[in-house]
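K.L.:
Questions regarding the structure given below will be posed in turn.
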Amino acid sequence: MPLATLRDALRCPVCKGALEHSDERLRCPRCEAGYPIVDGIPDLIPGCVDEQIKAMTAAWDAPGLDYDASIAQTAPERLRAIDAPLLAQCGGGKLVLEIGCGTARLKQPVEQAGSQYVGLDPSLTLLRQGAERGARGLIRGVGEYLPFPDASFDVVIGGYCSFRYIQLDRLYPECARVLKPGGVLAFTLWNNWAFFLYSIAQSVRQRRFYAPRFKAGHCNDVVWATREVRRLARFGFTVESILSTRRLPFAKSLPFVRRLVDGGGYWRGAPGALIGYDIIFVCRR
Ligand SMILES: [Zn+2]
């Protein structure tokens, strides 16, 4: 699927049928759904999505959202540590889909590694910013309804926090569907325990003794990595590696902990996912 024909290869996100297209619109003859093309970006979010997807889409398209600022606030070494295992899968003539691509920050490194990049995001605002910086191959859509044919990508990646609010039980089977056999899914989730400890440390530091919540109900922060491995297996994925970043922001004032963390690298496997900050799963279909 070379990028020149990406638009021809797009599928109806609901019934997966081929789309008819004009300059301004895509149309599914099978289920008669229409999809606009806005500023050159096909908008393939189905009209039938549930309230959760609607809320997530609205949040990522909120006028005040400054994505670049939030990325800039993230320590560069943390971003490098999250990106590296994903980009390591993207070399050498592959077709790579990034789900939750934002402004297509990873497009350049994927292309520099010799692969083709397709970016999907629910936020038209962020996709427009990416397109203004020259990115092509950007599609508006959601991970629960991927608008691509079966077995079309070599690699699917989800960087930083892009899988945090997606419904994973609907995302994983879609990733399995669009990946070629033997294809790789590589993504990051955050460690619930790290956030829990961080919120306790914050409450102590600020002398505001509220009870921290163990887990936010609406997000996918990992409590047990082994549970995520089993869920991925249900959808046909074998987890090849689990890497967790060595970052403990709540323990900065403890020199012996800082020495442990400053060594760089990753903690490995499910035990490492209990103490790491960002947890990177690399899985094969
Ligand atoms: Zn359709």
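The values are calculated or read from the model by the stated rules, or taken from the named source; none is laboratory data. A quick note: this is a predicted structure, and the numbers were derived from the prediction, not measured. Note that each Cβ is placed from the backbone with ideal geometry, even for glycine, and that neighbours are counted across all protein chains shown.
K.L.:
Which is surrounded by 13 or more Cβ atoms within 10 Å (Cβ to Cβ) and in contact with a Phe, Trp or Tyr (Cβ under 9 Å, 6 or more places away or on another chain), of Leu44, Leu65?
P.N.:
Checking each option against the conditions leaves just Leu44.
K.L.:
Please tell me if Leu126 is buried (at least 21 other Cβ atoms within 10 Å of the Cβ), in contact (Cβ under 8 Å) with a residue 24 or more places away in the chain and under 23 Å from Arg25 (Cα atoms).
P.N.:
Yes, satisfied.
K.L.:
Out of Leu65, Leu146, I need the residue that is hydrophobic (A, V, I, L, M, F, W, C) and modelled with pLDDT of 95 or more. Which one?
P.N.:
Going through Leu65, Leu146 in turn, the sole match is Leu146.
K.L.:
Which residues, counting only those in the range 7-24, are touching a strand residue (DSSP E or B) at 6+ places or on another chain (Cβ under 7 Å), under 14 Å from Val178 (Cα atoms) and crowded, with 18+ Cβ neighbours inside 10 Å?
P.N.:
Within the range 7-24, Leu10, Arg11, Pro13 meet the criteria.
K.L.:
Six or more apart or on different chains, Cβ under 7 Å: which pairs go from a residue in the range 262-285 that's free of Cβ contacts under 8 Å to residues at least 60 places away in the same chain and closer than 19 Å to Leu87 by Cα to one that's part of a strand (DSSP E or B) and of a type in the set (S, T, N, Q)? Could you list them?
P.N.:
Cβ pairs passing all conditions: Trp267/Ser244.
K.L.:
Within the range 174-185, is there a residue that is closer than 19 Å to Gly141 by Cβ, of a type in the set (Gly, Ala, Ser) and surrounded by fewer than 22 Cβ atoms within 10 Å (Cβ to Cβ)?
P.N.:
yes
K.L.:
Here's another thing I want to ask about it. Against the conditions (1) more than 18 Å from the chain's Cα centre (by Cα); (2) part of a loop (DSSP other than H, G, I, E, B), where does Cys101 fall short? Just the number, please.
P.N.:
All conditions are met except number (1).
K.L.:
Let me ask something else. Looking at the range 140-175 only, could you name the residues that are outside any loop (DSSP other than H, G, I, E, B) and aromatic (Phe, Trp, Tyr)?
P.N.:
Tyr145, Phe153, Tyr172 - these are the residues of the range 140-175 that are outside any loop (DSSP other than H, G, I, E, B) and aromatic (Phe, Trp, Tyr).
K.L.:
Note down all Cβ pairs under 6 Å where the first residue falls in the range 7-35 and is closer than 18 Å to Val49 by Cα, the second is at pLDDT 95 or above and of a type in the set (Lys, Arg), and they're at least six residues apart or on different chains.
P.N.:
These pairs meet every condition: Cys15/Arg30; Gly17/Arg30; Gly34/Arg27.
Yes/no matrix, rows are residues, columns are (1) more than 23 Å from Lys107 (Cβ to Cβ); (2) modelled with pLDDT of 90 or more:
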residue: Tyr165; (1), (2): no, yes
residue: Val184; (1), (2): no, yes
residue: Thr188; (1), (2): no, yes
residue: Ala194; (1), (2): yes, no
residue: Trp224; (1), (2): yes, yes
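K.L.:
Evaluate the following for Ile53: is it surrounded by 15 or more Cβ atoms within 10 Å (Cβ to Cβ), within 24 Å of Leu146 (Cβ to Cβ) and in contact with a Phe, Trp or Tyr (Cβ under 7 Å, 6 or more places away or on another chain)?
P.N.:
So Ile53 does not fit the description; no.
K.L.:
For the range 5-98, which fully contained helices (runs of 4 or more DSSP H) count at least 1 residues that are over 30 Å from Ser241 (Cα atoms) and more than 15 Å from the ligand (Cβ to nearest atom)?
P.N.:
6-9, 51-60, 67-73
K.L.:
Exactly one of (1) in contact with a helix residue (DSSP H, G or I) (Cβ under 6 Å, 6 or more places away or on another chain); (2) under 23 Å from Leu179 (Cβ atoms) is unmet by Ile41. Its number?
P.N.:
That leaves (2) as the condition not met.
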